Amino acid sequence: MVLRTLGLDCCHGIAELEKLCRTTSVWTVDLAYLLHKFSVNFSFFTVTIGANPQYSAETFYREQLQEDIDRVDELFGKAFDAGISIQCRSISAYDIAFLLLSGHCIAIALVDKSKLNSSWMNDVHDMQQFDEDSDYMGHYVVICGYDADACEFEIRDPASSRKREMVPMKSLDEARKSFGTDEDILLVGYVFNLRFNSCYALMICVSPALVCCII
């Protein structure tokens, strides 16, 4: 989704992008390196630098975390020298809305799918019955618009059959800030020579179906 929106050559296909990631256990930092390979201008915001060992109790992370932690920490450690900007700070929903309304960016956000309670989930292909006590389920969505009158974000979900979904700001914020997400968001600019600072950076985030978002 994202590379096509930016007008980049996507003939590599999903299989090729998966090879570039070199793992099937994709973290947001993996996406950051992938975007960097395609010379995409972006900023990466997170509230945790490295892999959070506290997630080991979460079912979603339990099997893979011990195998991933060293690799993920190493990617974070090498990011600065690789030319990848990672800022340890939280971004508010209003900041995201402002950036989207500027028309210069789109975002890929890591969300807790079980918290993203809205009608569009009825069409998700791998739909499950969620409730407030559901375990964390990491998933990436593209945030591409904002309706100020309705206070709703327009998102694209690679796991949904619908082309677009409108999600209330409160619902998206809860899903985006759920324990397990680290509030990870990649802000991607439409203009390749656009530079981002800590206040007005562009945001992106993705999920295990991540490559579908990136394409």
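Values quoted throughout were computed directly from the atomic coordinates according to the rules given, and no laboratory measurement underlies them. Quick caveat: nothing in here was measured; it's all calculated off a predicted structure.
Roughly how many Å is it from the Cα centre of region 140-154 to that of region 34-92, as a whole number?
After rounding, the separation between the Cα centres reads 25 Å.
Could you go through region 65-74 in sequence order and give the Karplus-derived ³J(HN,Hα) for each residue, using 6.51 cos²θ - 1.76 cosθ + 1.60 with θ = phi - 60°, rounded to whole Hz, and x for Gly and Pro?
Values, residue by residue: 4, 4, 6, 8, 4, 5, 5, 5, 4, 5 Hz.
Using each residue's phi in region 87-101, evaluate 6.51 cos²θ - 1.76 cosθ + 1.60 at θ = phi - 60° and report the 3J(HN,Hα) Karplus result to the nearest Hz, with x for Gly and Pro.
Computed from phi, the couplings for region 87-101 are 10, 8, 6, 8, 10, 7, 4, 5, 4, 4, 4, 4, 5, 5, 5 Hz.
So what J values fall out for region 41-55 if you push phi through Karplus, 6.51 cos²θ - 1.76 cosθ + 1.60 with θ = phi - 60°, rounded to Hz, Gly and Pro as x?
7, 7, 10, 10, 10, 7, 9, 9, 8, x, 7, 8, x, 5, 6
Work out how much length Arg162 to Asp147 would gain on full extension: take 0.36 nm times their residue separation and subtract the Cα-Cα distance, in nm to one decimal.
Going from the current span to full extension adds 3.6 nm.
Is there a pair in Lys113/Lys163; Lys78/Lys113; Lys78/Lys177; Lys37/Lys78; Lys37/Lys115; Lys78/Lys115 whose C-alpha atoms are over 21 Å apart, and which pairs would that be? All intermediate terms of the calculation are to be shown ahead of the outcome.
Numbers: Lys113/Lys163 18 Å; Lys78/Lys113 30 Å; Lys78/Lys177 26 Å; Lys37/Lys78 15 Å; Lys37/Lys115 32 Å; Lys78/Lys115 33 Å.
Beyond 21 Å between Cα atoms: Lys78/Lys113; Lys78/Lys177; Lys37/Lys115; Lys78/Lys115.
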